């Protein structure tokens, strides 16, 4: 598919902006110690999410969560981070609590997820297998590696165009 120079320039600018946004998010997460990236461990969310998926989350307001949302939370029972779907919402002594369950699990998770356990809401973006990097390498090394790989990937997409621009005579 051939693009006109104007369309190619627009596409390059969009890709560059996306790269800048991703880099800014990664740097902010390293500096602030807040990660928008989590990886899925296990098959409890199959077929929606798979073992090794890298997912992007954001810290939505706890009170705005609803049944069906997929969230990341610290399990109050197992003391691990879990990615599961909200199955029900209850109020106990005027405190909102969540009942969660993996899509591939037959029963809900034990215990309730409270506001202090909640980490973030899945935004619907996942990168298959990229979460294995997070399982092997600890932050911030994994974030830096992901940023380098994304930068390399985007560079290879535009490598030919960049070479053409360097060899063009300027007037």
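The values are calculated or read from the model by the stated rules, or taken from the named source; none is laboratory data. Small disclaimer: the values here were computed from a predicted structure and weren't measured. Reconstructed Cβ throughout: ideal geometry from the backbone, glycine too, with neighbour counts over all protein chains shown.
Which one is surrounded by the fewest Cβ atoms within 10 Å (Cβ to Cβ) among residues in the stretch 1-34 that are modelled with pLDDT under 70 and not in a helix (DSSP H, G or I)?
The residue in question is 1.
Please find, among 127, 83, 148, the residue that is within 18 Å of residue 19 (Cβ to Cβ), at pLDDT 75 or above and under 16 Å from the mean Cα position of the chain (by Cα).
Going through 127, 83, 148 in turn, the sole match is 127.
Take the residues in the stretch 50-64 that are in contact with a strand residue (DSSP E or B) (Cβ under 6 Å, 6 or more places away or on another chain) and in a loop (DSSP other than H, G, I, E, B), then tell me which one is farthest from residue 97 (Cα to Cα).
Among those residues, the one meeting the criterion is 53.
Those residues that are at pLDDT below 90 and either surrounded by fewer than 17 Cβ atoms within 10 Å (Cβ to Cβ) or out of contact with any helix residue (DSSP H, G or I) (no Cβ under 8 Å at 6 or more places or on another chain) (or both), I need them from the stretch 37-56; list them, please.
Within the stretch 37-56, just 56 meets the criteria.
Quick one: which of 132, 122, 78 is crowded, with 17+ Cβ neighbours inside 10 Å and either on the phi < 0 side of the Ramachandran plot or not assigned by TED's automatic domain parsing to the domain that holds residue 52 (or both)?
122
Within the stretch 87-104, can one find any residue that is free of Cβ contacts under 8 Å to residues at least 40 places away in the same chain, surrounded by fewer than 16 Cβ atoms within 10 Å (Cβ to Cβ) and not in a strand (DSSP E or B)?
Yes, some residue in the stretch 87-104 is free of Cβ contacts under 8 Å to residues at least 40 places away in the same chain, surrounded by fewer than 16 Cβ atoms within 10 Å (Cβ to Cβ) and not in a strand (DSSP E or B).
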